[in-house]
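To keep things clear, I will list the structure first and then write my remarks on it.
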Amino acid sequence: MATLLPPPKRQKSNYAKSLEKPKEPEPEIPIPSIVVQFKSSEDGSNLGPAINLPADTGRDALQMLVNKLRGETEDPLPYAFHLLPKLPSTSTSTTPQSARVQINNSIQLDALKVSGTTFSPEDVFELWCEPQAVFRVRSVGRCSATLTGHSSPILCCAHSPTGRYAATGSGDATARIWDMETETPKWTLSGHKGWVLCVEWDSREKILATGGHDGQVRLWTPTTGQPFGQPLLGHTKWITSLSFEPLHLMSTKSSSPRLASASKDGTVRIWNTSTRTLEFVLTGHAASVNVVRWGGENVIYTGSSDRTLKVWSGVDGKLIRTLNEHAHWVNTMALSTDFILRTGPYDHTGKVPKDDEDAKSIALARYKHLTSTHPEALITGSDDHTLFLWPDQASSSFSSTATPKKPLARLTGHQKQVNHVAFSPDGRMIASAGFDNAVKIWEGKTGKFIASLRGHVAAVYRVAWSADSRMLVSASKDTTLKLWNLKTYKIRIDLPGHTDEVYCVDFVADKVVSGGRDKSVKM
């Protein structure tokens, strides 16, 4: 029989407290001095020798020390610090250990003072340092615009790579392009015969692709709002997902990237967008293909309701391998390079490339820079309540020890279906949203659990990261958006305003765009 805990004591009222004798002030505890060894989280190497510090050394001082050790005194980088908890040998508790202890103030406050801590001042503290983005995204505070225009619920939204426009697709068979700078409607794209289920920008902001319930894929020119040629026909059922070829893989002959479209009919079609012809079809899935992603190593990833993932060559469409670990439909998938591939040559500095060649070289350099430390990884989420983190699937990685067929990690913790998963732009963290009202944060390289963000009171449909990986916004069935503070893993700001379920959200620069069942777009 389980042990029954005694009922908790009744809290004293303020009046009763005021009658008590004032307590003696506690004697000041001397601050212990501790030995700290800084370690780089990128390759695990030690940064300089171990240093003796007072335990209340603040985070800013620690940052200064790391920059001194690395010799970057001119332009210091911001760092985030965490400790990995030691597992106590006599552990009887069944509570799962979080994968890391964040140091936000000082080691004294965050590691030694916490109840139930396994740290003692005698340890050598291995402090892991993660460089953070050098720029900061301004926090989102209020709803600055509510734009109506769609006559039925908004099903999808996407920001253009530079963040100047946003596109939304709706159940009224139109897509709309909104100007983000003036926060006004720009174009209405009509032509679909059914709901518009997905919208996708190419990374040069020259084409917008929309996929509809009518099985058509249509291309548009965002500057004029006119159709970019004829619709692409061929799918027999509705379109579930679209993905453009990454900019740095584009062949020099074609003026625009190829497009992959996944459909409920179980096929993925690869289109040449400049001639609007079909290049090849990827068949082999036994059920609806729910999501397609075109990776930076020229492989195409597809996830399907037949519980498998398939990896295809982007050159000729041959099947490289099938990954079957999930026990239910694969709903969602993200690459650690998604953000880089989506924004192509545009970064936070706002420089505009001179021509296509220049843009291509910038995009390639950004991609190489990101994948130099950790190769492109893939995360998938499914109706079986779990996520799997997969190693790099491109052929270049066969030399490594990881077998590509086996997942690096199985991420469990959601109690219901996983709805959406996204890598942070720097690839260090993964956020997943589920029907169990929770958003969970995981480590991007190992898949270890970091924290659970609680606060929504209904299913969470979507999550989006800010470009500097410091903020996360989630959209939910409970009509709110929540902006999370990733230092404390608490709600930073609640963004109410929608009157019904919020289906989609996207984050670019310092604006959040959201749309939902109440037919209005909010920024």
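The values are calculated or read from the model by the stated rules, or taken from the named source; none is laboratory data. No experiment lies behind these values; they were computed from the predicted model shown. Using ideal geometry, Cβ is built from the backbone for each residue, glycine included, and neighbour counts are taken over all protein chains shown. Only protein heavy atoms, including side chains, enter the accessible area calculation; ligands, DNA and RNA are left aside. Shrake-Rupley method; radii C 1.70, N 1.55, O 1.52, S 1.80 Å.
Beta carbons closer than 6 Å, at least 6 apart along the sequence or on distinct chains, pair a first residue in segment 42-59 that is under 16 Å from His82 (Cβ atoms) and open to solvent by 40 Å² or more (accessible area, probe 1.4 Å) with a second that is of a type in the set (Ser, Thr, Tyr) and modelled with pLDDT under 75 for Glu42/Thr373. Out of the residues in segment 446-492 that are part of a loop (DSSP other than H, G, I, E, B) and among the charged types (D, E, K, R), state the one that is most open to solvent (accessible area, probe 1.4 Å). Applying the filter and picking the extreme gives Arg454. If you take the residues in segment 424-445 that are open to solvent by 20 Å² or more (accessible area, probe 1.4 Å) and not charged (D, E, K, R), which one is farthest from Gly516 (Cα to Cα)? Ranking the qualifying residues of segment 424-445, first place goes to Met429.
Residues being of a type in the set (Val, Ile, Thr), touching a Gly at 6+ places or on another chain (Cβ under 9 Å) and surrounded by 22 or more Cβ atoms within 10 Å (Cβ to Cβ) are represented in segment 163-170 by at least one member.
Apart from one condition, Leu87 fits all of (1) at pLDDT 70 or above; (2) within 23 Å of Thr488 (Cα to Cα); (3) open to solvent by 90 Å² or more (accessible area, probe 1.4 Å); the exception is (1).
Go through Ala111, Ala16, Ala2 for me and flag whichever is at pLDDT 65 or above and touching a Ser or Thr at 6+ places or on another chain (Cβ under 9 Å). Criteria check complete, one pass: Ala111.
Only one entry of Asp202, Asp172, Asp214 meets the criterion of being without any contact (Cβ under 8 Å) to a residue 24 or more places away in the chain and of a type outside the set (A, V, I, L, M, F, W, C), and that entry is Asp172.
Among the residues of this structure, Thr182 does not count as one that is free of Cβ contacts under 8 Å to residues at least 60 places away in the same chain, in a strand (DSSP E or B) and open to solvent by 10 Å² or more (accessible area, probe 1.4 Å).
Of the residues making up segment 297-304, not a single one is among the aromatic types (Phe, Trp, Tyr) and open to solvent by 30 Å² or more (accessible area, probe 1.4 Å). Taking the criterion of being within 29 Å of the chain's Cα centre (by Cα), modelled with pLDDT under 85 and assigned by the TED database to the domain that holds Leu364, would at least one residue in segment 223-232 satisfy it? Checked against the condition, which is being within 29 Å of the chain's Cα centre (by Cα), modelled with pLDDT under 85 and assigned by the TED database to the domain that holds Leu364, segment 223-232 yields at least one hit. All conditions in (1) in contact (Cβ under 8 Å) with a residue 40 or more places away in the chain; (2) open to solvent by 20 Å² or more (accessible area, probe 1.4 Å); (3) of a type outside the set (A, V, I, L, M) hold for Pro246, with the sole exception of (2). All of His192, His150 fail the test of being open to solvent by less than 30 Å² (accessible area, probe 1.4 Å) and more than 28 Å from Val281 (Cβ to Cβ), apart from His150. Here Thr277 fits the description: out of contact with any helix residue (DSSP H, G or I) (no Cβ under 6 Å at 6 or more places or on another chain), of a type in the set (Ser, Thr, Tyr), assigned by the TED database to the domain that holds Ala422 and free of Cβ contacts under 8 Å to residues at least 12 places away in the same chain.
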